[in-house]
Amino acid sequence: MNRDKVNVTLPSMPEFDEYIEEIKELWDSRWITNNGIKHARLEEELKNYLMVNGLALFSNGHLALEYAIAAFDLKGEVITTPFTFVSTTHAITRNGLKPVFCDINPDDFTIDTGRIEDLITENTSAIIPVHVYGNICDIEAIDKVAKKHGLKVICDAAHCFGVTVNGTGVGSFGDASIFSFHATKVFNTVEGGAVTSGDSGIIEKLNCMKNFGITGEETVYIGGNAKLNEFQAAMGILNLRRVESDITKREKLAGRYNKNLNGLKGIRLINYKPGVKNNYAYFPVLFDTNETTRDEVCDKLKENGIIARKYFYPLTSESECYRGMFDADNTPVAKYTAARILTLPLYPDLEIKDVDRICDIIISAVK
Ligand SMILES: *Cc1c(COP(=O)(O)O)cnc(C)c1O
């Protein structure tokens, strides 16, 4: 691996021999998918770690969200934000629902709850907020509006593996939450994901739907195939053992970024809410100046072999496949943010000297 190059992220992996040892049993049992022993173990361990009552594993985070939306039989319109990964918007649209975009807060980039109620119509069936970069939405305000109008709340918690708020696991908020275990996330099963919910009926339904809707000899739902296999589960079991130490390493690196960049003119760092135990999944920097600074910094880093990511950019509502359907001027804070945000490299094996090098390039570029 070329060590001079710094990518935006590098997946955590167990030792090679450790993985071989873990999957040995699969050669004996020949049970390699459909609720095998690794799947069952990972499910239990994740419920503990995430502090949730119910959890259904999925082949990836996107399908977890698509199926969660389907399981609640939603109709009509869903209030969400365009400052997210396209997956959120696609999952809504692919369920035949209409995304209605709400603007975000300028300080933490999550949904501006003060604007939700104005967007509710007689067709609204749910709110799908996104916890952005490990920052939690104002879930109390969302719950309050949802209860008042009889709406479901499904949180996209793909960025929030292991995040807790005053000791409560983030996956226990709303009617359901989804997590991503993609290679680029804080915890990975290569590809993978989960839906968490306190509603055991929903978890049971999801476990059935992800296996073609089959239960026993009957097919009760128009399901699909979105199962997590034993090899992915084995990867998860091992990666879960290192996730706390990974987060500690991330915290140290994020602290260094903070120390180097905090207070610099033209740069805004994310504010985290009190009581939140963060997972340091990302280190976003907002270039609070003219629109060209972010792109210049990104190019400058690239010239030095450092890959930062314009994330999230563009707004999902401005993606080519949605062109002409939405007006980004209706979500001005999201539009402003997407044009100025850059997430810097952050992963457990990143070195402090790389963080310093990255910061030096940024500092000289914004001067
Ligand atoms: C990663 C991600 C997803 C999709 O998860 P996959 O596991 O990659 O399918 C959905 N929403 C957000 C906000 C994400 O970051």
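The values are calculated or read from the model by the stated rules, or taken from the named source; none is laboratory data. Quick caveat: nothing in here was measured; it's all calculated off a predicted structure. All Cβ positions, glycine included, derive from the backbone under ideal geometry; neighbour counts span all protein chains shown.
Scanning region 320-343 for residues that are touching a helix residue (DSSP H, G or I) at 6+ places or on another chain (Cβ under 6 Å) and touching a residue at least 40 places away in the same chain (Cβ under 8 Å) yields 326, 328, 340, 342. Listed by first and then second residue, the pairs linking a residue in region 241-260 that is on the phi < 0 side of the Ramachandran plot to a residue that is in a helix (DSSP H, G or I) and aromatic (Phe, Trp, Tyr), with Cβ atoms under 8 Å apart and 6 or more places separating them unless they lie on different chains, are 243/49.
Among residues that are part of a helix (DSSP H, G or I), surrounded by 18 or more Cβ atoms within 10 Å (Cβ to Cβ) and not polar (S, T, N, Q), residue 42 is included.
Taking the options 302, 273, 265, name whichever one is surrounded by fewer than 16 Cβ atoms within 10 Å (Cβ to Cβ), of a type in the set (D, E, K, R) and without any contact (Cβ under 8 Å) to a residue 24 or more places away in the chain. First the steps, then the outcome.
Details: 273 fails: without any contact (Cβ under 8 Å) to a residue 24 or more places away in the chain; 265 fails: without any contact (Cβ under 8 Å) to a residue 24 or more places away in the chain.
The unique qualifying residue is 302.
Conditions tested, residue by residue: (1) within 16 Å of the ligand (Cβ to nearest atom); (2) over 30 Å from residue 225 (Cβ atoms).
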position: 45; (1), (2): no, no
position: 52; (1), (2): no, no
position: 56; (1), (2): yes, no
position: 74; (1), (2): no, no
position: 87; (1), (2): yes, no
position: 98; (1), (2): no, no
position: 121; (1), (2): no, yes
position: 127; (1), (2): yes, no
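For the structure I just gave you, tell me whether residue 183 is crowded, with 23+ Cβ neighbours inside 10 Å and either in contact with a strand residue (DSSP E or B) (Cβ under 8 Å, 6 or more places away or on another chain) or at pLDDT 95 or above (or both). Considered against the rule, which asks whether it is crowded, with 23+ Cβ neighbours inside 10 Å and either in contact with a strand residue (DSSP E or B) (Cβ under 8 Å, 6 or more places away or on another chain) or at pLDDT 95 or above (or both), residue 183 comes out as no.
If we keep just the residues of region 190-242 that are β-branched (Val, Ile, Thr) and in contact with a Leu (Cβ under 9 Å, 6 or more places away or on another chain), which is nearest to the ligand (Cβ to nearest atom)? Write out each step before concluding.
At the first step, the residues of region 190-242 found to be β-branched (Val, Ile, Thr) are 190, 195-196, 202-203, 214-215, 219-220, 222, 237.
Filter again for in contact with a Leu (Cβ under 9 Å, 6 or more places away or on another chain), leaving 195-196, 203, 237.
On the way: 195: 12, 196: 14, 203: 19, 237: 18 Å.
Filtering region 190-242 for residues that are β-branched (Val, Ile, Thr) and in contact with a Leu (Cβ under 9 Å, 6 or more places away or on another chain), the one nearest to the ligand (Cβ to nearest atom) comes out as 195.
With respect to the conditions (1) under 25 Å from residue 33 (Cβ atoms); (2) among the small types (Gly, Ala, Ser); (3) in a loop (DSSP other than H, G, I, E, B), residue 198 falls short on a single one, namely (1). The condition of being under 16 Å from residue 190 (Cβ atoms), touching a helix residue (DSSP H, G or I) at 6+ places or on another chain (Cβ under 9 Å), more than 15 Å from the ligand (Cβ to nearest atom) and not hydroxyl-bearing (Ser, Thr, Tyr) holds for residue 32.
Quick test for you: out of 113, 124, pick the one residue that is more than 22 Å from the chain's Cα centre (by Cα), surrounded by 18 or more Cβ atoms within 10 Å (Cβ to Cβ) and closer than 21 Å to residue 69 by Cα.
Details: 113 fails: more than 22 Å from the chain's Cα centre (by Cα).
Result of the check over 113, 124: 124.
Matching residues to (1) assigned to a loop (DSSP other than H, G, I, E, B); (2) touching a Phe, Trp or Tyr at 6+ places or on another chain (Cβ under 6 Å); (3) of a type in the set (A, V, I, L, M, F, W, C):
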site: 254; (1), (2), (3): no, yes, yes
site: 264; (1), (2), (3): yes, no, yes
site: 290; (1), (2), (3): yes, no, no
site: 335; (1), (2), (3): no, no, no
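Can you tell me which residue is nearest to the chain's Cα centre (by Cα) among those in region 143-189 that are away from the ligand (no atom under 16 Å from the Cβ) and in a helix (DSSP H, G or I)? Among them, the one singled out is 172. Could you go through region 109-120 and let me know if any residue there is in contact with a Leu (Cβ under 7 Å, 6 or more places away or on another chain) and touching a residue at least 24 places away in the same chain (Cβ under 8 Å). Checking region 109-120: not a single residue is in contact with a Leu (Cβ under 7 Å, 6 or more places away or on another chain) and touching a residue at least 24 places away in the same chain (Cβ under 8 Å).
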